[in-house]
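The structure appears right after this line, and notes come after that.
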Amino acid sequence: MDRKKISFRVFLVIIPFLFFISLELFLRLFDLFNPQSLFFENKNNDFIQVNSNIGQKYFNSKKVPVPNMYPQKFSAIKSKNTFRIFCLGGSTTAGFPYEMNVPFPQQLKFILKDNFPEKKIEIINLGLSAINSFTILDWIPQIINHEPDLIIIYMGHNEFYGAYGVGSKISFTNNGFLVRLALKLKNLNSFLMLEKILSFSIAKIKNKSNGTLMEQISNKKEIPIDSKLRQKVYNNFDKNLEIILKDITNNNIPVIISTLTSNLLDQPPFGKNGREDNEFIKSIKLYNKGIDFFANKNYDSSKVCFNKARDLDEIPFRADEKINQIIKNKSNDFKIERLDMVEIFEENSKGGIPGDNLFSDHLHPNPEGYALMAYSLYKKIIHMGLLDR
């Protein structure tokens, strides 16, 4: 093959790349189809603002309501006496269904300010409803750039039905690698332009269903216990958490990750028929057996039944034991601090079985539950000695 033919073929390969590079530069030059950023600076560059509209990057308003993050700001230039914490997670971190001073990050801020008045305490609550580990992973590089003294992670309930979960309306594939790649491409103006063009073909939703955002974003289909979809969720969560913790620890940033607690006593399974191949008792029957054991003060047997009923729930709005086991394994692998919120809520519940005494629904704490989370995190921070530096 002569040189002219080789040069021509190389030129044909390069043309598409040159076109997209030129298009990307053009769109950035004229501020067209700009990607959503988690943070932005104000005009005077004296503080950083949390982008309350960051949800637009992950949710299609033509399919589901787009959640907003609570608007917050923190200093652009971090002073020596500043202690800065980023709290990451879904609606529990956001404090659903409460606002103002109830969410655990806000209560933690009050506790730390009272006990360390000489410190400037900055706690940035990055809780956003209906997101899961894919979104948190996308945020980590930006968070690291803003000098956190501590990162707190409470996530895992939304792995099945949150944005890009296998049971979500906001999903285009169950392949974790492709989802992570797509989220990286969403940082390109040209990709967002293409996405916008394609979105015109999607009809706007006429009647949004009632219920929480998680109920609206889910396709409400059951995810069988022994199905490949279940295993895909565990694999995706495991890989996402591994990347998240690797990025954080490689930057020598302290981190606390928590296991996930939920309402066992007062929440029947959402999917009533879930059972394993070798398990003849359905999830709802296990739950009812748990109620009977609890009424007779046989709390150990009751707890076994309630946990099994949750784990066999084929509509898993609550994280099961396998999700918590992944959290435990990764915290051990990376040698990071873990807070066992499951044990903490059990210790503060009758018979060791959390219910409406600490929860407002199936998994969101009530004010007493959020206060318990905040105080438990405070004790963990003290134990780590982070504020003694």
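The values are calculated or read from the model by the stated rules, or taken from the named source; none is laboratory data. It should be emphasised that the depicted structure is a prediction, and the values quoted were computed from it without experimental measurement. Every residue, glycine as well, gets a Cβ built from its backbone with ideal geometry; the counts of neighbours run over all protein chains shown. Each accessible area value is taken on the protein alone, full model and side chains, heavy atoms only, with ligands, DNA and RNA left out. Shrake-Rupley method; radii C 1.70, N 1.55, O 1.52, S 1.80 Å.
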Which helices, counted as full DSSP H runs in the chain, have an axial Cα extent of no less than 20 Å and a Kyte-Doolittle average of 0.5 or above?
-> 3-29
Distance from segment 233-308 to segment 334-389 (C-alpha centre basis), Å | 16 Å
Tensor-based shape of segment 27-104 (alpha-carbon gyration tensor, a/c under 1.5 rounded, otherwise prolate or oblate) | oblate
First measure r as the distance between the Cβ atoms of K246 and N175, then evaluate 1/(1 + (r/R0)^6) with R0 = 22 Å and state the FRET efficiency to the nearest 0.05.
-> 0.60
Please compute the net charge surrounding P35, taking Lys and Arg as +1 and Asp and Glu as -1 over other residues with Cβ under 14 Å from its Cβ.
-> +1
How far apart, in nm, are two points set 7 Å out from the Cα along the Cα-to-Cβ line at N68 and at L198?
-> 2.9 nm
Using a 1.4 Å probe over the heavy atoms of the protein chains, calculate the carbon and sulfur portion of the accessible area of the chain as a whole percent.
-> 54 percent
Please tell me the relative contact order of the chain in percent, rounded to the nearest whole number, where contacts are Cα pairs under 8 Å and at least six residues apart.
-> 17 percent
Which percent, to the nearest 5, of DSSP beta bridges fully inside the chain are antiparallel?
-> 30 percent
Report the percentage of all Cα-Cα pairs in segment 240-380 whose separation exceeds 25 Å, rounded to a whole percent.
-> 34 percent
Round to the nearest 0.05 the FRET efficiency obtained for K272 and M100 when R0 = 45 Å and r is the Cβ-Cβ distance.
-> 0.75
Ranking H364, H146 from most to least accessible area with a 1.4 Å probe gives H146, H364
Filter the GluC sites (Glu not before Pro) in segment 97-197 to those in DSSP coil with at most 16 other Cβ atoms within 10 Å of their Cβ, and list the result.
-> E99, E118
Gyration tensor (alpha-carbon) shape descriptor, segment 99-154, a/c threshold 1.5 = oblate
Give me the accessible area per residue for the chain, probe 1.4 Å, as a whole number in Å².
-> 50 Å²
